[in-house]
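Notes follow the structure.
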Amino acid sequence: MLKKKKRGRYTGVAVNKIIYPHVAESILKEGKADFVAMGRASTADPQFPNKVKEGRLDEIIFCIGCRQGCQWRIAQQDLFPVW
């Protein structure tokens, strides 16, 4: 259920293949959404949020939309390996 904010609008979530940190950040800064769902990014690289937070952008494994590698990892239940 969406909760109405004090400004009179509802809480919004941006979705749909948002895979780059700078895109997510601009969506939030411009007020286009209150949250950004980054499912593909997190599936391609489970450490995505940590790498962004730590400034290790050059180490991120980005989703290329091939529907190959992540599907295999999901089938093998190997999404979040224990390090």
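Some points to look at:
- Amide H contacts of Gly12 (H built 1.01 Å from N, under 5 Å, at least 5 apart or other chain): Asp34, Phe35
- Global form of the stretch 32-71, assessed from the alpha-carbon gyration tensor, a/c cut-off 1.5: oblate
- Of the residues Arg40, Arg56, Arg67, ranked by 1.4 Å probe accessible area with the largest first, the sequence reads Arg67, Arg40, Arg56.
- Surface calculation, 1.4 Å probe, protein heavy atoms: Tyr20 sits at approximately 100 Å² accessible.
- At full extension, Phe62 and Lys32 could sit 8.5 nm farther apart than now, given 0.36 nm per residue minus the alpha carbon distance.
The values are calculated or read from the model by the stated rules, or taken from the named source; none is laboratory data. As the structure is a prediction and not an experimental result, all values here were calculated from the model. Side chains included, ligands, DNA and RNA excluded: accessible areas come from the protein's heavy atoms. Shrake-Rupley method; radii C 1.70, N 1.55, O 1.52, S 1.80 Å.
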